[in-house]
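Working notes for the structure below.
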Amino acid sequence: MSALADRIPTFEPLLRRIRWSRSFRILVRILLWMALLVFAARTIATVLMERRMSSIVGSLSAKYGSMMPASLAPPLLPAAENRAPLFRAAGEALALDDKDQELIGFVAHQQVEVTSVAESLRPLLDRNRIVFELLTEASGRKGANWEIDYKSGMDARLPDLLKVILLERMILCRSLLTLHEGHPKDAIAELEPGVALASSLSREPVHIVQLIRVAVDHMNHRAMHDILLQDRGLDRVDLSRLRDMLPPPAKRSGMRDAFLGEMKMGYKSSLDILDGRLPSDVKESFEIGNFDFQIGPIARWTGRPWLLWESGTFLDQYAGLVEDLEHPRFARTRYFTKDDVTPSGGKGIFFDLALPNLMESVRRSDLDEARVEIARAAFALELYARDHDGYPGSLQDLVPAYLGQVPVDPFTGSPIEYRREGNGFVVRSVADDPKFEVGLPGQDKLAAWRITR
């Protein structure tokens, strides 16, 4: 026991060399002991948190493959098959001033009728003829790869998403103008580049890109609705063509893959911070008087256990989001449930800060999924009416000749609501009900097609 006691540091040799008062030496001794205890606690905590982090990453890697964001990159395509470069070129060729952008924005948000601004739209569209030629060529190609540098993680350079929105608004304006001039078949053809644009974005697992894809889908659905509502000279071929423009039923996979991408990018960012490499938009040092303190080494040493815990918690919670989005809304159990209850905090600072924006993104994606099912039902109803000179009594009558199965409302798990109304019909999701709160207002929430004849 005495031998063990002899090994415990007392700092006496150090303190004897300094001529301090006895009380001051006691204080210094206490501080040195505290520093030693803090160092030991920090070391133990770091070891435990690193083991926890390693366990979480190991289980996620077994399920989702490599956790590095470079694994997110879609397969490369031959240049002759890739739509994305042509979409980029079309965006660069846009000839729009501020007033032009405001005008097509008003049309896209249904703040003005396209017929009331037709005289202003025609010269605008004519000035951008080369843009539409590029868009038409792009829609004729088979696939898309926007060639995002995923290995850069959060610093990856994304496409110019504002130009993507402007391109879709231009497509929408031209299609609606052609429709109201009495050429529905041409309006369908002019909508095809918008459908190809949405399809190209769906392949990129990035959160903000998927939000833009949902917005593009929304505008395409609005044009499809107006074309069906006009119903001037549409035949079975036209209706089938519109129906085939709809995306696959499992639309939520785009947002699910985006959350998986966010998780992998967040993991890379946490590794960078732990290694002392801060994100490009964060200052690397700060000054106090004449001293310049480097944030990287300070954060790496003092905050390492906390950063490891936060990073592990972030990955664990994000994995829960990804698992949730593998199911439709009505079948989820953790976050994005049919009751739309915001989970309580306590999931880690990083995750708690991100969750509100993620909730809204998933609401928009779920509404997009509902709109796809509504459109699918509406086109099937019109095809049925062409063959039977009237609409069916229920959606079940459309199976299997016109639908593989009755479309399901992702918010309830029940069939999409359908009723005959006059000489037309209404198909809607429960999300269209004003009493059903999904956290989105006005046109963003619209989830019903009312076709009157």
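See the values below:
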{"read-out": "Single residue of the stretch 360-384 satisfying the filter (surrounded by 21 or more Cβ atoms within 10 Å (Cβ to Cβ) and small (Gly, Ala, Ser)) that is farthest from residue 239 (Cα to Cα)", "value": "365"}
{"read-out": "Some residue of the stretch 150-160 being crowded, with 19+ Cβ neighbours inside 10 Å and of a type in the set (A, V, I, L, M, F, W, C)", "value": "no"}
{"read-out": "Residue under evaluation residue 195, criteria (1) farther than 20 Å from residue 255 by Cβ; (2) in a helix (DSSP H, G or I), criterion not met", "value": "(1)"}
{"read-out": "The stretch 193-209, residues that are closer than 16 Å to residue 69 by Cα and crowded, with 24+ Cβ neighbours inside 10 Å", "value": "204, 205, 206"}
{"read-out": "Test: residue in the stretch 181-204 that is of a type in the set (S, T, N, Q) and closer than 23 Å to residue 453 by Cβ", "value": "no"}
{"read-out": "Residue check, residue 96 at pLDDT below 95, in a loop (DSSP other than H, G, I, E, B) and surrounded by 15 or more Cβ atoms within 10 Å (Cβ to Cβ)", "value": "no"}
{"read-out": "Positions within the stretch 70-93 being under 21 Å from the mean Cα position of the chain (by Cα) and at pLDDT below 95, in sequence order", "value": "70, 71, 72, 73, 74, 75"}
{"read-out": "Among (1) outside any loop (DSSP other than H, G, I, E, B); (2) surrounded by 19 or more Cβ atoms within 10 Å (Cβ to Cβ); (3) within 27 Å of the chain's Cα centre (by Cα), the one test that residue 227 misses", "value": "(3)"}
{"read-out": "Residue among 256, 236 that alone is over 13 Å from the mean Cα position of the chain (by Cα) and either farther than 26 Å from residue 82 by Cβ or charged (D, E, K, R) (or both)", "value": "236"}
{"read-out": "The stretch 96-118 residues that are farther than 23 Å from residue 217 by Cβ, paired with ones that are of a type outside the set (A, V, I, L, M, F, W, C) and part of a loop (DSSP other than H, G, I, E, B) (beta carbon under 7 Å, 6 or more apart)", "value": "none"}
{"read-out": "Residues of the stretch 29-66 classified as within 35 Å of the chain's Cα centre (by Cα), hydrophobic (A, V, I, L, M, F, W, C) and over 17 Å from residue 310 (Cα atoms), total", "value": "1"}
{"read-out": "Tally of residues being among the hydrophobic types (A, V, I, L, M, F, W, C) and assigned to a loop (DSSP other than H, G, I, E, B) across the stretch 374-420", "value": "6"}
{"read-out": "Lone qualifier among 351, 314, 286 - being crowded, with 22+ Cβ neighbours inside 10 Å, out of contact with any Pro (no Cβ under 6 Å at 6 or more places or on another chain) and at pLDDT below 85", "value": "351"}
{"read-out": "Residues that are of a type in the set (A, V, I, L, M, F, W, C) and in contact with a Lys or Arg (Cβ under 7 Å, 6 or more places away or on another chain), drawn from the stretch 380-402", "value": "383"}
{"read-out": "Residues being outside any helix (DSSP H, G or I), under 28 Å from residue 225 (Cβ atoms) and of a type in the set (Gly, Ala, Ser) - total across the stretch 144-179", "value": "1"}
{"read-out": "Residue check for residue 420: within 17 Å of residue 447 (Cβ to Cβ), out of contact with any His (no Cβ under 6 Å at 6 or more places or on another chain), surrounded by fewer than 21 Cβ atoms within 10 Å (Cβ to Cβ) and not hydrophobic (A, V, I, L, M, F, W, C)", "value": "no"}
{"read-out": "Any hit, the stretch 171-190, residues being modelled with pLDDT of 95 or more, of a type in the set (Asp, Glu) and within 28 Å of residue 72 (Cβ to Cβ)", "value": "no"}
{"read-out": "Residues (at pLDDT 60 or above and either in contact with a His (Cβ under 8 Å, 6 or more places away or on another chain) or surrounded by 13 or more Cβ atoms within 10 Å (Cβ to Cβ) (or both)) located in the stretch 441-453", "value": "444, 445, 446, 447, 448, 449, 450, 451"}
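The values are calculated or read from the model by the stated rules, or taken from the named source; none is laboratory data. On a predicted model such as this, the values are computed, not experimentally measured, just so you know. Heads up, the Cβs are rebuilt from the backbone with ideal geometry, glycines too, and the neighbour counts pull from every protein chain shown.
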